[in-house]
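Following: one structure in structure tokens, then a few remarks.
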Number of protein chains: 2
Amino acid sequence: MLDLISRGAAETRTDLARQTGMARSTVAQRVDALIGFGLVEETEPGESTGGRPPRLLRLNTAHNCVLGVDLGATHCRVALLDIGGKPLASCETPIQITQGPHEVLAHVDARMHELLTRANRPLESVKAIGIGVPGPVEFATGRPVNPPIMPGWHEYPIPDFFTSRYNVEVLVDNDVNVLALGERRFAYPGSAHLLFVKIGTGIGCGIVADGRLHRGAQGSAGDIGHIRVPDAPHAVCRCGNTGCLEAVAGGAALAARLSAAGTPARTGHDVVTLVNQGDAAALRLVREGGRVIGDVLAGLVNFFNPEAIVVGGVMAQVHEPLLAGMREVIYQRSLPLATHRLTVVPSRSGEEGGSLGAGRLAIDHILAPDYINRALSTGQGAA
Amino acid sequence: MLDLISRGAAETRTDLARQTGMARSTVAQRVDALIGFGLVEETEPGESTGGRPPRLLRLNTAHNCVLGVDLGATHCRVALLDIGGKPLASCETPIQITQGPHEVLAHVDARMHELLTRANRPLESVKAIGIGVPGPVEFATGRPVNPPIMPGWHEYPIPDFFTSRYNVEVLVDNDVNVLALGERRFAYPGSAHLLFVKIGTGIGCGIVADGRLHRGAQGSAGDIGHIRVPDAPHAVCRCGNTGCLEAVAGGAALAARLSAAGTPARTGHDVVTLVNQGDAAALRLVREGGRVIGDVLAGLVNFFNPEAIVVGGVMAQVHEPLLAGMREVIYQRSLPLATHRLTVVPSRSGEEGGSLGAGRLAIDHILAPDYINRALSTGQGAA
């Protein structure tokens with residue numbers, strides 16, 4: 001019901017009864033409970049059309065909001081959104097993720113308070129918090145698991161830091177999942193099946209299946225950076241294997257190959273700068289990297305049959321040669337039925353994609369039947 | 001609610017209210033509707049424990065059943081199941097799928113009537129029909145799409161053949177999806193994420209994500225037979241590309257390589273026979289084929305993070321060397337977190353896997369909220 005209301009698919013109690021097939025009395029009872037709980041409000045329509053006009057239902061966005069946090073190696077972005085998904089305020093500040101959880105999360109907490117003050121919303125209006133971090137996370141507990149670039153964060157229970165201060169649930173996921181969710185909700189709301197491929201120093205993928213994040217059995221789904229690519233037995237990867245995708249086509253790998261060929265470059269950022277300066281070797285290398293990534297994605301297109309592949313991360317700043325290489329191989333190697341309506345495009349959500357996606361993770365949690373049922377049953381118990 | 005009842009997770013109205021968080025009056029109303037509609041029944045418990053014992057809810061299996069059909073190139077298996085998933089009767093008969101839809105479906109219809117008679121169930125007790133066919137299908141309409149081994153079936157609306165005779169919904173899917181569903185429901189009920197890999201003449205994969213079939217944007221998900229494998233630029237595939245997985249490691253490809261090396265073999269069946277006779281070249285080839293398939297699956301394990309990979313199809317009859325080759329590469333090339341609890345096993349559902357899976361497709365359709373809401377709203381309208 002809440003999903004129908006939030007999507008604008010049902011505006012009245014009559015709509016809800018028709019669309020859910022539930023009896024009008026059941027709908028009335030549930031709607032009253034949602035209104036009592038404060039998640040939904042019922043308004044008078046703007047003008048009468050003769051007879052008694054129906055009262056319209058909508059999410060109570062004035063009293064319910066969420067916070068979305070995007071933590072990177074050196075940046076912190078926080079966004080305040082109402083539960084309709086509308087951004088109310090946001091900020092970006094530099095951090096060093098290596099300073100560890102206490103210092104970084106205290107910084108995040110201070111930014112959250114600033115945003116609430118700026119948007120004039122009380123602390124109690126925050127109903128959930130979503131956080132994306134640059135490393136693997138056990139989603140059920142919100143603890144990072146051996147995150148390579150986050151020393152001191154292994155098994156740190158991130159939600160605990162906030163639950164005591166905000167008394168709400170805190171959802172923590174890796175940055176690529178959060179980006180996939182944000183991109184899907186804000187740029188491709190009609191896409192049920194989408195892959196978000198982040199190409200930075202490493203390469204990762206966020207998977208949206210049937211409109212929801214697919215995390216897999218251990219939460220490691222989407223870790224495509226270590227899929228073996230052909231003809232690269234000498235590319236040594238930080239994971240201890242050889243021939244991994246990111247050891248051949250990640251930003252750091254491209255930089256190393258440019259350096260070896262006589263053009264100094266240390267990071268993916270350096271490669272992007274060189275391409276933008278018109279360096280032919282860098283351009284060729286990025287396009288060739290796109291082909292190697294395309295070879296892996298071609299297999300995943302056959303396997304998963306997505307509607308869209310969205311490319312983000314530092315290297316997507318030079319998306320023309322990169323995506324040209326990717327498309328070349330995908331359209332050559334994937335099945336016609338699977339590529340026929342497939343789009344391979346650069347990310348549209350931009351720098352705020354991470355914080356908005358993290359906010360969306362929180363909103364989806366609030367609007368899910370489990371949360372509502374739990375909340376309503378508690379509310380009814382108290383009434 | 002129906003899902004809780006069917007899984008035995010809720011046995012009384014009180015259980016349902018507790019587990020769904022719905023008000024007792026709402027639960028009562030919905031349960032009465034389900035009983036009125038005939039899908040659920042309420043019984044007296046076996047013995048009193050003092051006070052008034054609660055009445056127990058269960059699926060009305062006596063009056064509700066489904067038919068599951070597994071069509072292969074040369075076989076037809078039909079199973080009658082009650083909506084609890086219990087097989088009531090089944091049969092297997094030879095057919096030639098190349099005889100086209102009219103002849104083959106008339107044969108299926110006759111077998112269905114025989115099973116109903118044998119199990120003493122009236123035609124009206126059949127609530128849905130599930131059918132698996134050996135080729136690609138547009139699931140929404142139940143029409144095969146350019147099925148390579150089914151001449152005359154392209155775009156034939158299979159459901160129409162049965163809806164006029166049975167007045168129920170008919171679900172049609174490809175054989176691998178149906179096998180995946182059957183294997184998951186009957187052998188791995190606790191697995192949310194499972195891949196069923198069928199290795200016969202070709203190679204295909206059924207994907208269960210979060211307990212449900214993942215069909216992808218165009219319904220072509222799982223078509224892994226045409227993923228490119230390394231070092232096989234000369235393997236020409238029936239799809240028009242080169243280096244495809246099934247052109248290297250499918251049953252027909254292995255047979256062709258054995259023949260070329262001097263051991264006559266025409267099909268995957270011949271290769272199985274040779275392995276069972278102790279032919280060393282055939283054994284070596286099957287294991288090597290397993291490694292090639294394992295290389296593709298290693299990438300899919302990183303991407304999808306399944307709990308189980310189940311191997312079926314003709315070649316699974318020699319699963320020892322085949323799975324040894326597959327495991328060798330998967331455990332070498334996939335990420336430790338993703339392989340840590342992964343099982344790679346031969347199919348357990350056996351020859352009846354297809355018809356039971358097709359039956360399960362029908363049951364899942366009946367027990368889904370959409371079906372119930374539609375049915376109840378129609379029922380209420382009529383009352």
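At a glance:
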item	result
Gaussian network model of chain B, Cα within-10 Å springs - most flexible of B:V126, B:V172, B:V40	B:V40
Which of A:L56, A:L361 has the fewest Cβ neighbours within 10 Å, and the rest in rising order	A:L56, A:L361
Longest segment of chain A lacking trypsin sites (Lys or Arg not before Pro) that sit in a DSSP loop with at most 16 other Cβ atoms within 10 Å	A:56-237
Sorted by Cβ density within 10 Å, fewest first, the residues A:M112, B:M326	A:M112, B:M326
Residue-averaged 222 nm ellipticity for chain A, from DSSP H runs of 4+ at -39500 (n - 2.57), nearest 500	-13500 deg cm²/dmol
Highest-fluctuation residue, A:Q277, A:Q96, A:Q317 considered, GNM on chain A with Cα pairs under 10 Å	A:Q277
Inter-copy spacing of A:T242 label points, which lie 7 Å from Cα along Cα→Cβ, given in nm from shortest upward	2.6
Sites excluded, GluC sites (Glu not before Pro) in DSSP loops with at most 12 other C-beta within 10 Å, longest stretch of chain A	A:156-383
Gaussian network model of chain A, springs between alpha carbon atoms under 10 Å - residue of A:G353, A:G200, A:G312 with greatest fluctuation	A:G200
Kirkwood Rh in Å, taken over all unlike Cα pairs in region B:146-288	17.4
Residue-count net charge about B:P144 - beta-carbon cut-off 9 Å; Lys, Arg +1, Asp, Glu -1	-1
Among beta bridges that DSSP assigns inside chain A, antiparallel share in %, nearest 5	60
Between 0 and 90°, nearest 10: helix A:319-333 axis offset from chain A longest Cα axis	90
Net charge over other residues, Cβ less than 10 angstrom from the Cβ of B:R58 (K, R count +1; D, E count -1)	-3
At 7 Å out from Cα toward Cβ: A:D210 inter-copy label distances (nm, ascending)	0.7
Rounded tilt (10° steps) of B:280-304 against the dominant C-alpha axis of chain B	50
Shortest-first nm distances, B:H113 label point to equivalent points in other copies (7 Å, Cα→Cβ)	8.0
Between region A:331-362 and region A:212-261, the alpha-carbon center distance in angstrom	20
Ratio Rg/Rh, restricted to chain A and using Cα atoms, in which Rh is the Kirkwood radius	1.03
Fewest-first ranking of B:V145, A:V69, using other Cβ atoms within 10 Å as the exposure measure	B:V145, A:V69
Under 13 Å, Cβ to Cβ, from A:L71 - net charge with Lys/Arg +1 and Asp/Glu -1	-4
Global geometry of the protein assembly as shown, whether rounded, prolate or oblate, following the gyration tensor of its Cα atoms and the 1.5 cut on a/c	oblate
Of all chain B residues, the one whose C-beta is nearest the axis that brings B onto A, in angstrom	B:P230, 2
Volume in Å³ per residue [convex hull over Cα atoms, computed for region A:2-59]	84
Global geometry of region A:63-194, whether rounded, prolate or oblate, following the gyration tensor of its Cα atoms and the 1.5 cut on a/c	oblate
Part-to-part distance (alpha-carbon centres) for region A:111-171 and region B:270-330, which is given in Å	44
Region A:280-354: C-alpha gyration tensor shape, a/c 1.5 cut-off, then a/b vs b/c	oblate
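Laboratory data are not the source of any read-out in this text; all were calculated from the coordinates shown. Values in this document were obtained by computation on a predicted structure and should not be read as measured data. Backbone-built Cβ (ideal geometry, glycine too); neighbour counts: all protein chains shown.
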